[in-house]
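The values are calculated or read from the model by the stated rules, or taken from the named source; none is laboratory data. Nothing here was measured: the structure is a model prediction, and the numbers come from that model. Using ideal geometry, Cβ is built from the backbone for each residue, glycine included, and neighbour counts are taken over all protein chains shown.
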Protein chains: 2
Amino acid sequence: MEKRILSLLVDNKPGVLSRISGLFSGRGFNIESLCVAETKNPGVSRITLVTEGDDMILEQIQKQLNKLINVIKVIDYKDKPSIYREMLLIKVTAKPNFRAEILRIVDIFRCKAVDVGPEHYTIEVTGDEGKINAILNLLRPMGIKEIARTGTIALARESA
Amino acid sequence: MEKRILSLLVDNKPGVLSRISGLFSGRGFNIESLCVAETKNPGVSRITLVTEGDDMILEQIQKQLNKLINVIKVIDYKDKPSIYREMLLIKVTAKPNFRAEILRIVDIFRCKAVDVGPEHYTIEVTGDEGKINAILNLLRPMGIKEIARTGTIALARESA
């Protein structure tokens, strides 16, 4: 099963997120990641979610989503050339003998160090899921204290 | 009323997000933005949410959250020195006479152009809410075609 990314334009109202996420869990679909935030129109929010599961059931869910009164539009990024990005904040243990190596990784991955202490660095990374997982794997041996991850957002590329 | 940022460590299971967001909407609290994604432990997800509302009711919600069996920990970032970041993908109309100005803005804000066409740029920005809103306001006159925004994630600073 492959990952599927859906983007929903919805009314920015209490209860909408709960109802939508309930539609997925009611069918046994786990939502791997989800972001919701305002669009350029403050009355409309965009929910981007990543899920995995049976294609036929996902199609049924999409039909049900389209019927919900607070759902304005459902965009399925399958087979649509798109830009995918997520952001990671990672607080990594930075003992003296590892500090230079961590900053080399930060440099190669074009990340930013956003907080520093005698025993840690906090690093901001953006990229697709592959890049985020790659840097996580590289930093894991140093000791990861804490991470916060946004989940994926997406925009379709425009045919040039 | 000021914005409040909560971070929840929860079991990565279907239904958890729906129940938690339902707790907020049931009390009339709108969730302004929310991110959920895996932590370094795949069985645990971190939900970061931004809301606004009466302090007393929010305290009640926090108590209820703490009682939920799938909620491992609730972190309130109020009065806690922390790093806040969100990410924005913005597709902006880029007519020939605006292209140089848009790239100057990209440069000043340390953003990245991630897609380009004859009539548009797609730009990736990270920063706190203030920075994200500032660039949105600067680019609005050029014509914003579409945006996708992650919502805020947070990590506490470590006392050095």
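What to note about this one:
- Residue selected from region B:1-53 under the condition touching a Lys or Arg at 6+ places or on another chain (Cβ under 9 Å), assigned to a loop (DSSP other than H, G, I, E, B) and farther than 22 Å from residue B:85 by Cβ, by the criterion nearest to the other protein chains (Cβ to nearest Cβ): B:14
- The condition (being within 14 Å of chain B (Cβ to nearest Cβ), at pLDDT 95 or above and exposed (fewer than 14 other Cβ atoms within 10 Å of the Cβ)) is satisfied by just one residue among A:73, A:80: A:73.
- You will find that of A:20, A:5, the residue that is in contact (Cβ under 8 Å) with a residue 40 or more places away in the chain, closer than 20 Å to residue B:22 by Cβ, buried (at least 20 other Cβ atoms within 10 Å of the Cβ) and β-branched (Val, Ile, Thr) is A:20 and no other.
- Scanning region A:47-54 turns up no residue that is over 27 Å from residue B:43 (Cβ atoms), touching a residue at least 24 places away in the same chain (Cβ under 8 Å) and among the hydroxyl-bearing types (Ser, Thr, Tyr).
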